[in-house]
2 protein chains.
Amino acid sequence: MPGVKKINHVAIVVEDIDSALGFWRDVLGLELDHIEEVPSQASKVAFIPLGDSEVELVEPIDPESGLSKYLEKRGEGLHHLCLEVEDIEGMLASLKEKGARLINETPLELPGRKMAFIHPKAANGVLVELYELT
Amino acid sequence: MPGVKKINHVAIVVEDIDSALGFWRDVLGLELDHIEEVPSQASKVAFIPLGDSEVELVEPIDPESGLSKYLEKRGEGLHHLCLEVEDIEGMLASLKEKGARLINETPLELPGRKMAFIHPKAANGVLVELYELT
């Protein structure tokens with residue numbers, strides 16, 4: 001079976017990245033790598049490396065996006081868990097064969113990575129993102 | 001400032017560990033290390049090492065516990081993020097000095113580790129656990 005290598009990142013949805021950095025960077029002492037807009041996910045993201053993973057602070061930039069609606073409904077907090085895999089197509093095929101409900105049946109290709117989401121209904125309420133670095 | 005070393009684990013609250021392993025182990029292919037009862041947290045926990053972190057599936061064992069009430073109110077899903085620190089007393093002192101709201105002002109000592117929780121109101125809705133391995 002194609003393997004999961006590690007936790008690539010844990011994403012936290014926040015109202016405002018600058019204000020959130022007041023805790024994660026200034027109080028907790030984590031180091032911000034950079035902030036960038038990720039239009040495919042309708043968000044602005046602060047990347048905070050930690051061990052061999054990352055914490056990502058994710059701020060919605062489009063009020064019509066699913067992320068904005070999630071934030072409005074559930075409030076700030078843990079949003080998704082991203083697992084890095086060796087072979088995302090192989091993993092998606094294996095998940096599909098085993099009947100796991102997917103949000104993306106084929107990966108979205110972005111510079112440096114392919115990604116897809118598993119539906120939270122398949123994963124005990126957890127929105128699981130899969131990454132293959134390319 | 002005392003440092004955060006890495007993500008020790010990401011905890012997922014589930015109704016039933018055996019049923020949850022049907023996804024995390026059998027479908028996703030992660031390897032279960034072991035399951036143990038953690039009476040101090042009123043839970044049974046499946047430990048699933050992943051890279052230099054772990055995924056933990058946490059099942060409440062006491063219907064009166066905060067964890068049971070959380071599960072009842074919010075449903076299954078991501079529950080807390082555990083960060084491993086070098087010096088938990090130093091970190092708690094630093095957090096307190098900076099006005100961060102804590103659940104535990106002094107660490108709970110368990111075999112092999114000291115632990116304390118930061119209040120989600122301090123951390124953008126995220127329940128943050130701190131671990132120092134001892």
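The values are calculated or read from the model by the stated rules, or taken from the named source; none is laboratory data. Please read these numbers as outputs of a predicted model, since none were measured by experiment. All Cβ positions, even for glycine, are placed from backbone atoms using ideal geometry, and neighbour counts span all protein chains on display. Surface accessibility is based on the protein's heavy atoms, side chains included, excluding ligands, DNA and RNA. Shrake-Rupley method; radii C 1.70, N 1.55, O 1.52, S 1.80 Å.
What to note about this one:
- Taking a Cβ cut-off of under 11 Å around B:G22, the surrounding Lys, Arg, Asp and Glu residues balance to a net charge of -1, with basic ones at +1 and acidic ones at -1.
- Accessible area in the full protein assembly, largest first, 1.4 Å probe, for A:D87, A:D18: A:D18, A:D87
- Taking a straight Cα-Cα cut-off under 18 Å and skipping sequence neighbours fewer than 8 places away in the same chain, the lysines within cross-link reach of B:K96 are B:K114, B:K121.
- Taking θ as phi - 60° and the Karplus parameters 6.51, -1.76 and 1.60, the scalar couplings of the stretch B:110-121 work out to 10, x, x, 7, 10, 9, 7, 10, 8, 6, x, 5 Hz in sequence order, x denoting glycine and proline.
- Identity and axial distance of the chain B residue whose Cβ lies nearest the axis relating B to A, Å: B:L78, 2
- Selection among A:L28, A:Y70, A:I48 by position relative to the dipole of chain A gives A:Y70 as farthest towards the positive end (Cβ unit charges, Cα centre).
- Centroid-to-centroid, using Cα positions, the stretch A:54-71 and the stretch B:59-134 are 24 Å apart.
- Helix A:88-97 axis versus longest C-alpha principal axis of chain A: approximately 60°, rounded to the nearest ten.
- Point-charge dipole on Cβ atoms (K/R +1, D/E -1) for the stretch A:4-133, about Cα centre, debye to 20: 680
- Every Cα-Cα pair in the stretch B:4-133 was counted, and those over 26 Å apart are 22% of them.
- On association of chains B and A, roughly 3300 Å² of accessible area becomes buried (total for both chains; probe 1.4 Å).
- Counting Lys and Arg as +1 and Asp and Glu as -1 over every other residue whose Cβ lies under 12 Å from the Cβ of A:H9, the net charge comes to -4.
- The phi torsions of the stretch A:46-60, fed into the Karplus equation with coefficients 6.51, -1.76 and 1.60 and a -60° offset, translate into couplings of 9, 9, 10, x, 7, x, 9, 10, 9, 9, 10, 9, 10, 10, x Hz, rounded to whole numbers, with Gly and Pro shown as x.
- Ordered from longest to shortest, the equivalent ellipsoid semi-axes for the protein assembly as shown are 27, 23, 17 Å, each the square root of 5 times a Cα gyration tensor eigenvalue.
- Partner lysines for B:K44 [C-alpha distance under 18 Å; skip if fewer than 8 residues away on the same chain]: B:K69
- Under 5 Å from the amide H of B:N8 lie the amide H atoms of B:C82, B:L83, B:E84, each residue being 5 or more positions distant or on a separate chain, with H modelled from the backbone and absent for Pro and chain starts.
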